[in-house]
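The values are calculated or read from the model by the stated rules, or taken from the named source; none is laboratory data. Here the structure is a predicted model, which is why all the values come from computation and not from measurement. Here the Cβ is made from the backbone with ideal geometry for all residues, glycine too, and neighbour counts use every protein chain on show. Accessible surface is based on the protein model in full, side chains and every heavy atom, while ligands, DNA and RNA are left aside. Shrake-Rupley method; radii C 1.70, N 1.55, O 1.52, S 1.80 Å.
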Amino acid sequence: KAGVTQTPRYLIKTRGQQVTLSCSPISGHRSVSWYQQTPGQGLQFLFEYFSETQRNKGNFPGRFSGRQFSNSRSEMNVSTLELGDSALYLCASSFSALGDTEAFFGQGTRLTVV
Amino acid sequence: TQLLEQSPQFLSIQEGENLTVYCNSSSVFSSLQWYRQEPGEGPVLLVTVVTGGEVKKLKRLTFQFGDARKDSSLHITAAQPGDTGLYLCAGELSGTYKYIFGTGTRLKVLA
């Protein structure tokens, strides 16, 4: 079966712009979680969606938002980009919730803010 | 505050050596997973441990979950260059949907 697909793979944006990242989970998976990975901070939890509802949110400013559609696909939006937002953004999908069932990660979207 | 601390942060060893990576927390986890991540890729799940004191073996890798479900270890026997990568522990804080990752251990196995 197809894995988790994240698009685009690479993105370069300018400070102040906004960006939307997309994640298509494995068919049948209803939980999608987003993470930011940087060399200094490691993997930081952004938020988790299950059946179109945000179940949990990490400690990120309101500029980071997300949503999940009825087909479980999820998007993450970052507004007013800052240089520090440069990172690898990963999404993970699982059947119910990470930790309960096996989780699968996409290859990530590498965002560079200049 | 980092809830899951891994040690060591970096490890460079020769092929054939054994090593242990530790994942420690003051919080209790419902379950704990270990992942390996290679450059340019997302993390890949290696194992899930659920019960306190549980030991799981995956070929040359042995995973243990602490009795109190606050810590875990990963032991690799006779490391090979193919074991090189970033090892991450992760878990769901008991009673929440918050799933967090450890600080990571970057392993390099030299041929």
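Worth a mention:
- When segment B:90-104 is filtered for residues that are facing chain A (nearest Cβ under 7 Å), farther than 19 Å from A:GLN54 by Cβ and open to solvent by 50 Å² or more (accessible area, probe 1.4 Å), only B:THR103 remains.
- Residues satisfying the stated conditions in segment A:22-42, i.e. within 14 Å of another protein chain (Cβ to nearest Cβ), touching a residue at least 40 places away in the same chain (Cβ under 8 Å) and not in a loop (DSSP other than H, G, I, E, B): A:CYS23, A:SER24, A:SER31, A:VAL32, A:SER33, A:TRP34, A:TYR35, A:GLN36, A:GLN37, A:THR38
- Top-ranked residue of segment B:29-44 - restricted to ones that are surrounded by fewer than 20 Cβ atoms within 10 Å (Cβ to Cβ) and at pLDDT 90 or above, ranked as nearest to the other protein chains (Cβ to nearest Cβ): B:VAL44
- For B:LEU86, the requirement of being in a strand (DSSP E or B), surrounded by fewer than 22 Cβ atoms within 10 Å (Cβ to Cβ), over 10 Å from the mean Cα position of the chain (by Cα) and not charged (D, E, K, R) is not met.
- Pairs with Cβ under 8 Å, 6+ apart, first in segment B:46-58 and open to solvent by less than 80 Å² (accessible area, probe 1.4 Å), second among the charged types (D, E, K, R): B:LEU46/B:ARG36; B:VAL47/B:LYS56; B:THR48/A:GLU102; B:VAL49/B:LYS56; B:GLY52/B:ASP67; B:GLY52/B:ARG69; B:GLY53/B:ASP67
- Of the criteria (1) open to solvent by less than 50 Å² (accessible area, probe 1.4 Å); (2) of a type in the set (A, V, I, L, M, F, W, C); (3) in contact (Cβ under 8 Å) with a residue 24 or more places away in the chain; (4) within 14 Å of another protein chain (Cβ to nearest Cβ), which one A:PHE45 fails: (3)
- Looking at A:PHE104, A:PHE69, just one residue is more than 12 Å from A:LEU21 (Cα to Cα) and within 14 Å of chain B (Cβ to nearest Cβ), and that residue is A:PHE104.
- Yes/no for A:SER72 being buried (at least 21 other Cβ atoms within 10 Å of the Cβ), at pLDDT 90 or above and on the phi > 0 side of the Ramachandran plot: yes
- For segment A:4-21, residues that are under 15 Å from the mean Cα position of the chain (by Cα) and in contact (Cβ under 8 Å) with a residue 60 or more places away in the chain total 11.
- Where B:GLN9 falls short, out of the listed (1) of a type in the set (S, T, N, Q); (2) surrounded by 14 or more Cβ atoms within 10 Å (Cβ to Cβ); (3) closer than 27 Å to A:SER33 by Cα: (2)
- Residue selected from segment A:1-30 under the condition among the polar types (S, T, N, Q) and within 16 Å of A:ARG73 (Cα to Cα), by the criterion surrounded by the most Cβ atoms within 10 Å (Cβ to Cβ): A:GLN6
- Take the conditions (1) among the hydrophobic types (A, V, I, L, M, F, W, C); (2) surrounded by fewer than 16 Cβ atoms within 10 Å (Cβ to Cβ); (3) away from every other protein chain (no Cβ under 14 Å); B:ILE76 misses just one of them, which is (2).
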